[in-house]
Amino acid sequence: MMMLSTGLVAVLAAVAAVGSVESFTLDLNPSGDSKGGAFDNVGSISAGSSTISSVGVKAVEETFRAMKDKFNDELFLYETPLMEWVPSSVYRFDDFMDGLNVMHSQGIAGKKLYMGGDCGHCHMYGLINVAAFLAQAMKETIRYDACDENSWDRVGPEKMYPIANACGQLGQSYQDYHCPPGEEHMECPIDPEMTITAVTNARWWGAPGPLKCGPKSLYPQTGYWDFNGVCDDVWADPPKYCTDYEGQKGGKAMNDAPYANAAGRTDVEGCCWWGRGVIQTTGICNFGKLNYFLGKRAADEGRESRYPSIDFCRDPEAICSSEEYKELKWIAGLFYWTESVQSYDAGGWNYLTELHKFVDEGLSGDAFINAVSGIVNRGCHNPPCGTGALDGGPERAENFYKIVDAMEFSFVEVKATPKPTPAPIITPRPTPRPTPNPTEVKPSPVPPSVTTAPAIRPAADPPLVRYTCGSFEFGPNDQTIPPTSGVTFDYDLHNLVDVSVGLSLKDIKRSIMSDVAGRLGCQENSIGQRRVLQSSEFDSIIGLESPANDLPDNEVVCRIDETKSDEPTVCSPVNGGFTLYAKPGTSNAILSSIGNSLKEVVADGMNSGRYESTFVDKAVYIGDRQNDQVILGEEEIMSTMELAVYALSAACGLLLCVLCVILFTRVSRDREKRAKLEDREFQSYMMEDGEAERLDPMGTGFQQPGAYASRRSMMNGNIAPFQRRISREASSRMGDMYEGEEDFYSNPTGQPPMRGGAELPSSAKSAAGYSNDQFDAATEWS
């Protein structure tokens, strides 16, 4: 729903105030000088360094030329995929003025652009007529920087863009747009061999390529445009590059199989009649009339021709591609305007009559511009009609009043009898939700008899919305500035590819502010616009302020995230936030704590899907994107805790495994050390005394003490280690021990074994690697 501007509210209030008064004065003179009441009284109004002092057509032209910079820098703006508003490269003021001059001086088929006449105030009719035209152009094409019609109709279960959309979208067939009876001779003939590619198209990531037409010999079948396709892959074999149009970043044409448009076409033969120009001139009749009156056919048949070298039937793309005649894109739209809008008279609604009424009654209300938008968008002044509801009504009305506001300096006094103004036609939101009523920024008081055109902010500077909370009020002489705190956060906004990012941003901001205001306890009471703060937790907050929408962050990219929809979406990284106003003396620590609590509210709203709607497919809360600090919702916290438990369990298991490996390694090393120690002791014992003296001539006892110690151990009955060693080595080499062998070595009966070990076969001694003498020595008992 479009909210009436403050200036417009003042206008309506002024009209209501005069009621049945016989005269109503419209004074839009910025100087405040009042001129007495006749229509032929022309004011001399200053416009910067210019002065509008002429009447009629010249006054219209002077007004527009004084606005050249405003048109180029503030009105003819293109909205980039990241919602930046920049001057259009396709639509410029000089081309607009050239087209305007052609259409009001020469016209087409005897039809000229209405400029209002020569009375003192009549130039205002002409200005408002052109303003209504430009309001539509700004919505239809200028905001997209497009001259050619974009492929926008998604068809089939896969919801793809058929290549055959060039033939017509929404089930239409542009080559079947015939002229009415009596004008059929003006139509363009259909040439099946004509081959054309559009020069402009959409520019979002993966946007469909430009429309094209050609014979079946060139395009036997047409498929679809895959907006998810990857066209730039230098690692592929062979490498892939984006070459369908300049600036392409994604998407690709898929022509492996036929894919029908909404009318069933799977070819583009004879389909060169898509929309072109500022209000999308379409079909063989309209292009034929341009050629018949302004183009090559007029020259060939001996009529005056403005463009004798251009055959609009052989090259309709000249409207968008001509560098010599850039005004053609404007002429094509103005021709439609003169033929279909200026001449509109249906259902008791006559365009020129309503135009005069709108000016005479004070330029108030949205009824006039909404009716005009209905004619352009749906073919009727009171949509919904046969083709559906009005699309983009609030945006068209906002565009209209931007232009009216910019032209204000040239308006003069109008004295007229007020008449009832029809209630504005409002386009309802598809998914309304209850919202605390925000207090709009209040304008300065306007005298009842004086009104100005509504002041509307440029799209790049969204209007502020304010909530007033609590019962605290400053005294009449209190100059204290209340403490403020900016609450900022980042999030990723996902919307379907055919939904405007701007609408999505406005919709989610409305939801966020409603949520935050509700958490603060801001409720409207019965007295008026003051609110009563219900929660003591936030009793220090006296106000809440925010732009009507957040702005995308062009320096970062979205995080990869699954969206809830099966349909493709566009993701925009967004910087969000609002400002809190607090009572004097509120500390920064308290404001910071409240801000963090409100961030949690926003995070929960996004994580729970509370902000999802027709315009918002999903919102993913990021928090502080730069420092990667994220506030998680309850589900995310639980998921994180579960993950932490799993991670801790895995870490404990890994630690246990490491400890087991370490323990096993230590045990193995101890066994190895003990085995080596036994080996050294055994070798020392087996060494003869004389050999020990030979190896240790100095008598240091390097080997001898070990040998004597070992023998003493054996003499004291500690022979078991040597018995076990012999037993192990014999077993490992023989593979089998004789039964009773261990009993023989351990001698459990206490009887001394026979010297020489007669009970152990010689084969066992030999297998153990010892001679009989060595074995006897090892088992000697004394």
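Pairing each residue of segment 53-75 that is under 13 Å from MET97 (Cβ atoms) and among the basic types (Lys, Arg) with any residue that is modelled with pLDDT of 95 or more and outside any helix (DSSP H, G or I), provided the two are 6+ apart or on different chains, yields no C-beta distance under 8 Å. For ILE128, the conditions (1) among the β-branched types (Val, Ile, Thr); (2) open to solvent by 10 Å² or more (accessible area, probe 1.4 Å); (3) more than 20 Å from ASN255 (Cα to Cα) are fulfilled apart from (2). Is one or more of the residues making up segment 351-364 touching a residue at least 40 places away in the same chain (Cβ under 8 Å), outside any helix (DSSP H, G or I) and within 30 Å of PRO215 (Cα to Cα)? No, segment 351-364 contains no residue that is touching a residue at least 40 places away in the same chain (Cβ under 8 Å), outside any helix (DSSP H, G or I) and within 30 Å of PRO215 (Cα to Cα). Checking the structure you have, find out if any residue of segment 368-386 is closer than 23 Å to ASP98 by Cα, open to solvent by 30 Å² or more (accessible area, probe 1.4 Å) and not in a loop (DSSP other than H, G, I, E, B). No, segment 368-386 has no match at all. Could you say whether any residue in segment 129-143 is of a type in the set (D, E, K, R), farther than 30 Å from ALA299 by Cα, in contact with a helix residue (DSSP H, G or I) (Cβ under 6 Å, 6 or more places away or on another chain) and assigned to a helix (DSSP H, G or I)? So far as segment 129-143 goes, yes, one or more of its residues are of a type in the set (D, E, K, R), farther than 30 Å from ALA299 by Cα, in contact with a helix residue (DSSP H, G or I) (Cβ under 6 Å, 6 or more places away or on another chain) and assigned to a helix (DSSP H, G or I).
Here the condition is being assigned to a strand (DSSP E or B), modelled with pLDDT under 85 and either open to solvent by less than 20 Å² (accessible area, probe 1.4 Å) or of a type in the set (Val, Ile, Thr) (or both); of VAL556, VAL570, it holds for VAL570 alone.
In summary, ALA146 fulfils each of the numbered conditions (1) in a loop (DSSP other than H, G, I, E, B); (2) open to solvent by 30 Å² or more (accessible area, probe 1.4 Å) with the single exception of condition (2).
What residue, among those in segment 283-302 that are in a helix (DSSP H, G or I) and free of Cβ contacts under 8 Å to residues at least 40 places away in the same chain, is most open to solvent (accessible area, probe 1.4 Å)? The selected residue is ASP300.
Here is a yes/no grid of residues against (1) at pLDDT 90 or above; (2) more than 24 Å from ILE284 (Cα to Cα); (3) out of contact with any helix residue (DSSP H, G or I) (no Cβ under 7 Å at 6 or more places or on another chain); (4) not aliphatic (A, V, I, L, M):
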{"position": "VAL102", "(1), (2), (3), (4)": "yes, no, no, no"}
{"position": "ILE108", "(1), (2), (3), (4)": "no, no, no, no"}
{"position": "CYS119", "(1), (2), (3), (4)": "no, yes, yes, yes"}
{"position": "LYS159", "(1), (2), (3), (4)": "no, yes, yes, yes"}
{"position": "GLY168", "(1), (2), (3), (4)": "yes, no, no, yes"}
{"position": "GLU184", "(1), (2), (3), (4)": "yes, no, yes, yes"}
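From ALA253, ALA202, ALA263, ALA236, grab the single residue that is within 20 Å of ASP148 (Cα to Cα) and part of a loop (DSSP other than H, G, I, E, B). The conditions single out ALA202. When the criteria are applied in full, GLY182 meets the requirement of being without any contact (Cβ under 8 Å) to a residue 12 or more places away in the chain and either among the hydroxyl-bearing types (Ser, Thr, Tyr) or open to solvent by 10 Å² or more (accessible area, probe 1.4 Å) (or both). Scanning segment 228-265 for residues that are touching a residue at least 24 places away in the same chain (Cβ under 8 Å) and small (Gly, Ala, Ser) gives GLY229, GLY247, GLY250, GLY251, ALA253, ALA257, ALA260, ALA262, ALA263. Hey, among the residues in segment 247-279 that are surrounded by 23 or more Cβ atoms within 10 Å (Cβ to Cβ) and among the β-branched types (Val, Ile, Thr), which one's farthest from ARG143 (Cα to Cα)? Here the residue is VAL268. For segment 303-335, the tally of residues that are open to solvent by less than 40 Å² (accessible area, probe 1.4 Å) and among the polar types (S, T, N, Q) stands at 2. Of all residues in segment 84-114, those satisfying the criterion of being open to solvent by less than 20 Å² (accessible area, probe 1.4 Å), part of a loop (DSSP other than H, G, I, E, B) and touching a Leu at 6+ places or on another chain (Cβ under 9 Å) are SER88, GLY107, LEU113. Checked against (1) open to solvent by less than 50 Å² (accessible area, probe 1.4 Å); (2) within 36 Å of the chain's Cα centre (by Cα); (3) modelled with pLDDT of 90 or more, ALA66 meets all criteria but (2). Taking each residue of segment 193-207 that is under 20 Å from ILE319 (Cβ atoms) and looking for partners that are open to solvent by 70 Å² or more (accessible area, probe 1.4 Å) with beta-carbon atoms closer than 8 Å, six or more apart or interchain, yields MET194/ARG314; THR195/LEU218; ALA202/TYR144; ALA202/TRP152.
Taking the options ALA135, ALA198, name whichever one is within 20 Å of PHE287 (Cα to Cα) and open to solvent by less than 20 Å² (accessible area, probe 1.4 Å).
ALA198
The set of residues in segment 619-658 being at pLDDT 75 or above and under 24 Å from LEU505 (Cα atoms) consists of ALA619, VAL620, TYR621, ILE622, GLY623, ASP624, ARG625.
The values are calculated or read from the model by the stated rules, or taken from the named source; none is laboratory data. In this text the structure is predicted, and so the values were computed from the model without any measurement. We place every Cβ from the backbone using ideal geometry, glycine too, and count neighbours over all the protein chains shown. For accessibility, only protein heavy atoms count, side chains too; no ligands or nucleic acids. Shrake-Rupley method; radii C 1.70, N 1.55, O 1.52, S 1.80 Å.
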